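A short write-up of the structure that comes next.
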Amino acid sequence: MPDHRFAHSSETLRQIAQDLLDYAKQRGASAADTEVSEGFGQTVTARQGEVETIEYNRDKGAGVTVYIGKKRGHASSSDFSPQALRDMVDAALSIARFTAADDCSGLADADQLAREFPDFDLWHPWDLPVERAIELARACEAAGFAVDSRIANSEGATVSTQEAHFVYANSLGFLAGYPSSRHSVSCSLIAGQGDAMQRDDWYDIARDPLDLPAPEAVGRRAGERAIKRLGARKISTTQVPVLFEAPIASSLLGHYVSAVSGGSLYRKSSFLLDSMGNQVFAPLVNISDLPHVVKGLASSAFDEEGVATQARDVVKDGVVQGYFLGSYSARKLGMRSTGNAGGNHNLILQDTGEDFAALLKKMGTGLLVTELMGQGVNAVTGDYSRGAAGFWVENGEIAYPVQEITIAGNLKDVFHAIIAVGNDVNRRVPRQCGSILIERMMIAGD
């Protein structure tokens, strides 16, 4: 049990949650829910072989949402004293009394609440003395510098370990929570050649520190990536196939999730309105939302409202099978919660069997994108235009690095134009996919 590692035991969090609900009811709330949490961590950064920062964090917080009929109020506090918690509830009630009624507000439907709470192995403490963390950060950076003498500077190497636990409860009788951990190693390096300088980075993240690669491997990867970018040039404006490298290909999944999430749909601020049952992607695209993956970065038996989660296909053969809804947005749309209050779980895009080298060969001549810049995505129209850097590919082989270009298109067209998904899956984020090959996009250069 994690209780010995935290200032407050899980039982204490449960008692605070129950006391908050009892007090809210006593003060006139017709319904209420609350989340009480605590976390701590350590982050060490080394730069140029010296310790740059050592950061310790210890946080706690409670939030309560109260309902007076269909009126809603919310307040939060980082003070766990009884008086502060009562004041928090009173503040939420005061807000609710002056808020307009909303027929769609309220707790999750009782019949959707989770009743079973399997252990997905999400909590792995890392007893990492700060001296050892410093050694690991230094070793990570040193391995990057050792890649090539042209690596002239560093933005640092960081080793971080974080643990947390929480309890969610509501006045329908739901009360549950669990501990979790998240550990990471990262490195950012700068390579120089003449007056030209290029930076690149690499990182890895895992629930279990034993699942992290050696820090030296992370540093080497960062160094190799920085060196490969030296000599970058512009290219002429053209229209060619584009291969999104796995670490940034997940951003395409992010744009899709945003477009078919409840808030965007009921506000009619999405380019994928009324897309249920429609062909949105190329037929080869299959996407699953998997909340019960052991050690998964977004695994949970229930969402932020206590609704039971379940594995589901959200896109099958390119056709939309389901949205991402919490209770409020579901009611606004005349639907039921999908257990996605708080967003997607472990979102998995199925690969089409090719490795990265095979994708390059399939592309032939085109652009490999390894970095995106700017926020040029219009959520209403789907228009997409972002600064990019990467590599020009000829005859299936990387020819030279490119920079100061823009890639553009419309996400509706981009999704339909996916012709392959690599098996080089990026597992460092909840939205997991391999590199994605797009049949054709516009590249703006010289």
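The values are calculated or read from the model by the stated rules, or taken from the named source; none is laboratory data. Note that this is a predicted model, so its numbers are computed, not measured. Note: ideal-geometry Cβ built from the backbone for every residue, glycine included; neighbour counts use all protein chains shown. Accessible surface areas use protein heavy atoms only, side chains included; no ligands, DNA or RNA. Shrake-Rupley method; radii C 1.70, N 1.55, O 1.52, S 1.80 Å.
In Å, what is the Rg of the alpha-carbon atoms in region 220-302, and how long is Dmax?
Computed over the Cα atoms of region 220-302, radius of gyration and Dmax are 18.3, 50 Å.
With a 1.4 Å probe and every protein chain left in place, tell me how much accessible area ASP111 has, in Å² to the nearest 10.
110 Å²
Per-residue HN-Hα couplings for region 9-23, Karplus 6.51 cos²θ - 1.76 cosθ + 1.60 at θ = phi - 60°, whole Hz, x for Gly and Pro?
Ordered by residue, 3J(HN,Hα) equals 6, 4, 5, 5, 4, 5, 5, 4, 4, 5, 4, 4, 5, 5, 5 Hz.
On the protein heavy atoms, probe 1.4 angstrom, tell me the percent of accessible surface of region 1-73 carried by carbon and sulfur. Write down the numbers at each step before the final one.
On the way: 1670 of 3770 Å².
Ligands and nucleic acids excluded, carbon and sulfur give 44 percent.
Taking the Cα centre of the chain as origin, sum charge times position over the Cβ atoms of Lys and Arg (+1) and Asp and Glu (-1), and report the length of that vector in debye to the nearest 20.
Dipole of the chain, to the nearest 20 debye: 1000 debye.
P(r) tail for region 361-418, what percent of Cα pairs lie past 13 Å?
Tail of the P(r) past 13 Å holds 64 percent of the pairs.
Roughly how many Å² is the accessible area per residue of region 259-389, as a whole number, for a 1.4 Å probe?
Working: 5170 Å² over 131 residues.
I get 39 Å² per residue for this part.
If you filter region 63-97 for trypsin sites (Lys or Arg not before Pro), then keep DSSP loop positions with at most 16 other Cβ within 10 Å, what is left?
Sites meeting the loop and neighbour criteria: LYS70.
Hey, any idea what % of region 80-126's accessible area is carbon plus sulfur with a 1.4 Å probe? Each step should come with its number before you reach the end.
Working: 1370 of 2570 Å².
With neighbouring chains kept in place, the figure for region 80-126 is 53 percent.
In region 43-104, if every C-alpha pair distance is counted and binned at 5 Å from zero, what percent goes to each bin?
Here the calculated profile for region 43-104 is 4, 17, 18, 11, 10, 8, 7, 7, 7, 7, 4, 2, 0.
Can you pull the Kirkwood radius for region 272-332, inverse mean 1/r over Cα pairs, to one decimal in Å?
On the way: mean 1/r = 0.0777 Å⁻¹.
Taking every pair of different Cα atoms in region 272-332, averaging 1/r and inverting gives 12.9 Å.
Can you compute the modelled spin-label distance between LYS361 and VAL380, with each label point 7 Å from Cα toward Cβ, in nm?
Distance between the two pseudo-spin positions: 4.7 nm.
Would you mind telling me the antiparallel percentage of the DSSP bridges in region 257-350, rounded to 5?
90 percent
Check each of the trypsin sites (Lys or Arg not before Pro) in region 296-356 and keep only those in coil by DSSP with at most 16 other C-beta atoms within 10 angstrom; list them in order.
In loop regions of region 296-356 (DSSP not H, G, I, E or B), the sparsely surrounded trypsin sites (Lys or Arg not before Pro) are ARG336.
Ranked from the most accessible area to the least, with a 1.4 Å probe and all protein chains present, what is the order of GLU404, GLU155?
Ranked from most to least accessible, the order is GLU404, GLU155.
If you plug each phi of region 44-61 into the Karplus form 6.51 cos²θ - 1.76 cosθ + 1.60 with θ = phi - 60°, what whole-Hz ³J(HN,Hα) values come out, in order, with x for Gly and Pro?
So the Karplus estimates, Gly and Pro as x, are 10, 10, 10, 9, 6, x, 10, 5, 9, 9, 10, 10, 10, 10, 9, 10, 8, x Hz.
At 7 Å along Cα-to-Cβ for each site, give me the label-to-label distance between GLN321 and MET197 in nm.
4.9 nm
So how do ASP303, ASP87, ASP121, ASP127 rank on accessible area, 1.4 Å probe, biggest first, that is with the largest at the start? Intermediate results must be reported in sequence, preceding the final value.
Values: ASP303 10, ASP87 75, ASP121 55, ASP127 115 Å².
Most to least solvent-accessible, the answer reads ASP127, ASP87, ASP121, ASP303.
Any idea of the accessible area per residue across region 1-99, 1.4 Å probe, to the nearest Å²?
With all protein chains present, region 1-99 gives 52 Å² per residue.
Per q in 0.17, 0.19, 0.27 1/Å, what log10 I(q)/I(0) does a Debye calculation on the alpha-carbon atoms of region 102-180 return?
Debye curve over Cα of region 102-180, log10 I(q)/I(0) at q = 0.17, 0.19, 0.27 Å⁻¹: -0.82, -0.93, -1.23.
Per residue, how large is the accessible surface of region 155-250? Use a 1.4 angstrom probe and give square angstrom.
Value for region 155-250: 38 Å² per residue.
So what does log10 I(q)/I(0) come out to for the chain at q = 0.07, 0.08 Å⁻¹, using the Debye formula with one equal point on every Cα and no solvent?
Summing over Cα pairs of the chain leads to -0.42, -0.55.
Computed FRET efficiency, Cβ-Cβ of HIS8 and ASP274, R0 56 Å: what is it to the nearest 0.05?
Details: r = 46 Å, r/R0 = 0.83.
FRET efficiency, HIS8 to ASP274: 0.75.
Take ASP109, project a point 7 Å from its Cα along the Cβ direction, then tell me which residues of region 332-366 have their backbone nitrogen under 14 Å from it.
332-340
What's the carbon and sulfur percent of region 175-321's accessible surface, probe 1.4 angstrom, rounded to a whole number?
Values: 2750 of 5750 Å².
Answer for region 175-321 is 48 percent, counting heavy atoms of protein chains only.
At 7 Å along the Cα-to-beta-carbon direction for both ALA101 and ILE205, put a label point, then send me their distance in nm to one decimal.
4.3 nm
Residue by residue through region 253-261, which ³J(HN,Hα) values in whole Hz follow from phi under the Karplus form 6.51 cos²θ - 1.76 cosθ + 1.60 (θ = phi - 60°), with glycine and proline marked x?
Once θ is set to phi - 60°, the couplings for region 253-261 become 5, x, 5, 5, 4, 4, 6, 10, 8 Hz.
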